[in-house]
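Right, one structure below, let's go through it.
The values are calculated or read from the model by the stated rules, or taken from the named source; none is laboratory data. Just so it is clear, the model here is predicted, and its values are computed rather than measured. Note: ideal-geometry Cβ built from the backbone for every residue, glycine included; neighbour counts use all protein chains shown.
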Amino acid sequence: MSKKKPLRSQEWFGRSGKMGFYYRSFFKGMGIPDDQFDGRPVIGICNTWSELTPCNAHFRDIAEHVRHGVYEAGGFPLEFPVSSLGEVSMRPTAMLFRNLAAMDVEEAIRAHPLDGVVLLMGCDKTTPALLMGAASVNLPTIGVSGGPQLNGVYRGTKIGSGTNIISMDEQVRAGTLSQADYKLAEGAMNRSHGHCMTMGTASSMASVVEALGVGLPHNAAIPATDARRDLLARMAGRRIVEMVHEDLVLANILTREAFENAIRTLAAIGGSTNAVIHLLAIAGRAGIDLRLDDFDALSRGIHCLVNLMPSGEHLMEDFYYAGGLPVVLRSLAQHGHLHKDALTANGHTIWENVREAACWNEAVITPFDAPFKRDAGIAVLKGNLAPDGAVIKPSAASPDMLRHTGRAVVFESTQELLAAIDDDDLDIDETCIMVLKNCGPKGYPGMAEVGNLPLPNKLLRKGVHDMVRISDARMSGTAYGTVVLHVAPEAAVGGPLAVVRNGDTITLDVPGRTLHLHVEDDELQARLAQWQAPTRHANRGYASLYLDHVLQADRGADFDFLLGASGAEVGRDNH
Ligand code: FES
């Protein structure tokens, strides 16, 4: 009979002598009985609860449900906090701190007597940060998302977090919505616990967790306030104990096939462009060779099946009632777009999990043969304006603008943009292409979600609703428009974007996957030779570390020294 691998936690709790006394005694100070140290799996509940992260404010309740499940399966649960990243209030952008949180998660898991981990995540950056950190340690791991908010409803109409902030702001600026009504909508939009309920970044990443197989079926869409979310957390608590016994580590799940499933799922749900950066970063930690070009190749031929904001009209609550992500996964599998044998956290293959899925509302989840939008996966553009790539989400763009040539109107910074955009003397019309620089990983810093530039007031009053916009920034997953993002290399490191000038001509060709600046190569090189780097944003602290080590968007904007993993090695005794 093969000998069972000793549990990692026994390197602390199974010790005799002085160190055994030391490691157990202080835990006994919390009222923990002696039998909890007898070699049963110790499960970390990695919690991003914070009142500064409203989307995760219910996570102490979710952690209790996980805890019940762990006890029921014979494990010993220990909840611990990690850095939380609240998308709504962190400045200059929560993305600046994603890698910091990922380091926190990695080191917290490795340093403690844990055999398995349940990751509680919800608001945008909390999901990639926890997955990146956990992948770098590679213990048995389950992801539990906090769930989306209930539908926003204002005066009988659905309003989606983020998406309708933008549209209503445009109505206010165009003079068609009063300030008083705009204010009333504030309380009607985000009206329950949970994360943004559009198919924004949080919902996209919760779907990615399910498609990767790291989460249990239905992780993506059960509303935060639905009892079935609590049940899912409880079942995750039970299952993680079994996973420790089975030695089913994260690397068994985060395979190349799993990432391909996640990328195709992202296309089928009309998911956020942010997920591209996060998946690249997670893959980098898991040692999977995933490239930006893979997103384009794998997304081709995948239709957007889900009619949710910002690409469509419904919300995550509707998605769950229609059958949720299993319906999408089943549809992809039936059309040959899913690796059916990919293993998931519950021990079943992804196909076993979804083959019985039923759709209850084809207005929300459309059939593959009659999709909501055809060929709408995230497209990767290349050209002399983006040698290392840029992305666009066609499902959220205006179809008639996907091929467009226009005159560049250039803004060197967001400050310059905001100062000029509502000036009626600004030389711009709806055929122009708006270009924003210095908002990439190093330029902002942190690559803020400012890529969906506001449209000029004078054009909004004319009834213009979309224009081509290009930047090295990101865009909120809840936003929409014909918006080219993540231009790499970014302007702040001397990418060609840095030398675009007012009046230059640019051609966007999404079907041809190109982004071209109509400037002769000699002229472009001459401009680049004269280019001067902008002032560095920080010379101390974390921001300085970030500026020194952050990779470009096409490589996931992780730190160069965090690629790969360090494993779950137990460190030397601390005393
Ligand atoms: Fe937290 Fe949107 S602000 S998910």
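Remarks
- Filtered by the rule that a residue be among the acidic types (Asp, Glu) and touching a helix residue (DSSP H, G or I) at 6+ places or on another chain (Cβ under 6 Å), the stretch 532-555 gives a lone residue, ASP554.
- The stretch 418-465, subset in a loop (DSSP other than H, G, I, E, B) and among the basic types (Lys, Arg), residue surrounded by the fewest Cβ atoms within 10 Å (Cβ to Cβ): LYS462
- Residue in the stretch 143-164 that is under 23 Å from GLY564 (Cα atoms), more than 16 Å from the ligand (Cβ to nearest atom), surrounded by 24 or more Cβ atoms within 10 Å (Cβ to Cβ) and of a type outside the set (Asp, Glu) present: no
- All positions within the stretch 1-18 that are under 38 Å from the mean Cα position of the chain (by Cα) and either over 26 Å from MET235 (Cβ atoms) or buried (at least 16 other Cβ atoms within 10 Å of the Cβ) (or both): PRO6, LEU7, ARG8, SER9, GLN10, GLU11, TRP12, PHE13
- From the options PHE21, PHE27, residue that is exposed (fewer than 14 other Cβ atoms within 10 Å of the Cβ), part of a helix (DSSP H, G or I) and without any contact (Cβ under 8 Å) to a residue 60 or more places away in the chain: PHE21
- Those residues of the stretch 214-265 which are at positive phi and touching a Phe, Trp or Tyr at 6+ places or on another chain (Cβ under 8 Å), in sequence order: HIS218
- Condition met for SER83 (in a loop (DSSP other than H, G, I, E, B), within 16 Å of the ligand (Cβ to nearest atom), in contact with a Gly (Cβ under 9 Å, 6 or more places away or on another chain) and not acidic (Asp, Glu)): no
- Criterion: among the small types (Gly, Ala, Ser), surrounded by fewer than 23 Cβ atoms within 10 Å (Cβ to Cβ), under 30 Å from MET309 (Cα atoms) and within 16 Å of the ligand (Cβ to nearest atom) - qualifying residue of ALA129, ALA101: ALA101
- Cβ pairs under 6 Å, 6+ apart, first in the stretch 186-207 and modelled with pLDDT of 95 or more, second of a type in the set (A, V, I, L, M) and near the ligand (Cβ under 10 Å from one of its atoms): HIS195/ALA202; CYS196/ALA202
- Residue satisfying condition, being acidic (Asp, Glu), under 27 Å from ARG91 (Cβ atoms) and away from the ligand (no atom under 16 Å from the Cβ), within set ASP472, ASP466, ASP424: ASP472
- Exactly one residue out of GLY301, GLY324, GLY347 is touching a residue at least 60 places away in the same chain (Cβ under 8 Å), more than 21 Å from the chain's Cα centre (by Cα) and closer than 28 Å to ALA135 by Cα: that is GLY347.
- Members of the stretch 170-198 found to be among the β-branched types (Val, Ile, Thr) and under 14 Å from VAL153 (Cα atoms), listed by number: THR198
- Candidate set from the stretch 195-214 (those that are assigned to a helix (DSSP H, G or I) and not small (Gly, Ala, Ser)); member that is nearest to the ligand (Cβ to nearest atom): THR201
- The stretch 524-575, residues that are within 20 Å of the chain's Cα centre (by Cα) and either hydrophobic (A, V, I, L, M, F, W, C) or assigned to a loop (DSSP other than H, G, I, E, B) (or both): VAL550, LEU551, GLN552, ALA553, GLY556, ALA557, ASP558, PHE559, LEU562, LEU563, GLY564
- For the stretch 86-96, the set of residues classified as away from the ligand (no atom under 11 Å from the Cβ) and surrounded by fewer than 21 Cβ atoms within 10 Å (Cβ to Cβ) consists of ARG91, PRO92, listed by residue number.
- CYS46 being within 24 Å of ARG110 (Cβ to Cβ), touching a helix residue (DSSP H, G or I) at 6+ places or on another chain (Cβ under 7 Å) and of a type outside the set (Gly, Ala, Ser): yes
- Check on ARG461, of a type in the set (D, E, K, R), more than 28 Å from the chain's Cα centre (by Cα), more than 16 Å from the ligand (Cβ to nearest atom) and closer than 26 Å to LEU426 by Cβ: yes
- Pairs meeting the criteria (first residue in the stretch 33-53 and at positive phi, second residue away from the ligand (no atom under 16 Å from the Cβ), beta carbons under 7 Å, at least 6 apart or on different chains) are GLY39/LEU7; GLY39/GLN10; GLY39/GLY14.
- Members of the stretch 513-523 that are assigned to a loop (DSSP other than H, G, I, E, B) and free of Cβ contacts under 8 Å to residues at least 12 places away in the same chain: GLU520
- Per-region count, the stretch 64-80, residues part of a helix (DSSP H, G or I) and either at positive phi or of a type in the set (A, V, I, L, M) (or both): 2
- Given (1) under 15 Å from VAL241 (Cβ atoms); (2) surrounded by 21 or more Cβ atoms within 10 Å (Cβ to Cβ); (3) among the charged types (D, E, K, R), index of the condition GLU106 fails: (1)
- For the stretch 215-311, the helices (runs of 4 or more DSSP H) that sit wholly inside it and include 2 or more residues that are of a type in the set (Lys, Arg) are 227-246, 256-268.
- Lone qualifier among ARG264, ARG285 - being under 30 Å from ARG67 (Cβ atoms), touching a residue at least 40 places away in the same chain (Cβ under 8 Å) and crowded, with 19+ Cβ neighbours inside 10 Å: ARG285
- Total residues in the stretch 47-85, condition touching a Leu at 6+ places or on another chain (Cβ under 8 Å) and either β-branched (Val, Ile, Thr) or surrounded by fewer than 16 Cβ atoms within 10 Å (Cβ to Cβ) (or both): 5
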